[in-house]
1. What residue among Ile86, Ile36, Ile156 has the largest mean-square fluctuation in a Gaussian network model of the chain, using Cα springs under 10 Å?
2. Out of Leu130, Leu48, Leu25, any idea which swings most in a Gaussian network model of the chain, alpha carbons joined below 10 Å?
3. Measure off 7 Å from each Cα along the Cα-to-Cβ vector at Lys18 and Glu77, then give the distance between these two points in nanometres to one decimal.
4. Which number comes out as Rg/Rh for the chain once both Rg and the Kirkwood Rh are worked out on C-alpha atoms?
5. Assign unit charges at the C-beta atoms only (+1 for Lys and Arg, -1 for Asp and Glu), then state the dipole size of the chain relative to its Cα centre in Debye, rounded to the nearest 20.
6. If eta is 1.306 mPa s and T is 10 °C, what Stokes-Einstein diffusion coefficient results for the range 23-100, Kirkwood Rh from Cα pairs, in µm²/s?
7. Give me the one-decimal nm value for the distance between modelled label points at Lys84 and Ala64, 7 Å along each residue's Cα-to-Cβ direction.
8. Please list 3J(HN,Hα) in residue order for the range 88-97, calculated via the Karplus relation 6.51 cos²θ - 1.76 cosθ + 1.60 where θ = phi - 60°; whole Hz, with x for glycine and proline.
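Read-outs throughout are calculated quantities, based only on the coordinates presented, and are distinct from any laboratory measurement. Remember, predicted model here, so these are calculated numbers, not experimental data. For neighbour counting, all protein chains shown are included, and Cβ atoms are generated from backbone atoms with ideal geometry for every residue, glycine included.
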Amino acid sequence: MIKINLLPSDGKAKRRKKPPAAVPLLYAITVLVLIISLAGGGFGYKILSDRLSAAQKEKTEKTAQLEALKKKTKDVEALEKTIKTITDNKKVIEQLKANQSTPVRVLDEISRLLPDNVWLTRMNVTEQGLTLSGVAKKNDDVVIFVNHLKDSKLFINVYLSKSQSGAMGELSVYNFEMQMSINVAPKAAA
């Protein structure tokens, strides 16, 4: 048989070294969970960071669109104001065109109805109507003029407010005043 001396040469027995103890399973699982948590947190941070960047980019785009729409709104409001002004001016022009022929018709009708011995000294046209002042040789001439005006389709509510005798130099005359309304409806009052 073969003998092997396993003792150290100095004669003392050395203690054997224990094999290194295995890392406890709990530590390994803790480190693994920590690594997974850090990786998950990093991944979540990346996702949230990307969402935040996308939201900020969208906000910037929407803000730019809002500013563009505000400018367009101001342009539309300016156009609406211009349209309103033009429409108002058009109405005024149409009203002026409608009323344009009225003074000519009034003068034409009065000159046609005026008797020979009646002279007008003043004529005043307002929105309420027409006021005439004048002189006549006889009171009958004033009455004839009033009757002609009443028969006219252009004048309504003819009212003789004053007729009194007076003198013009050595000539005896009648001063008169009358009011009436103008009937703008008939276009051809002749």
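1. Of Ile86, Ile36, Ile156, the most mobile in the Gaussian network model is Ile36.
2. Top of the fluctuation ranking is Leu25.
3. For Lys18 paired with Glu77, the spin-label model returns 8.6 nm.
4. Checking Rg against Rh, the ratio lands at 2.05.
5. 3420
6. For these conditions, the coefficient is 84 µm²/s.
7. 3.4
8. Listing the rounded values in order: 4, 5, 5, 4, 5, 5, 5, 5, 5, 5 Hz.
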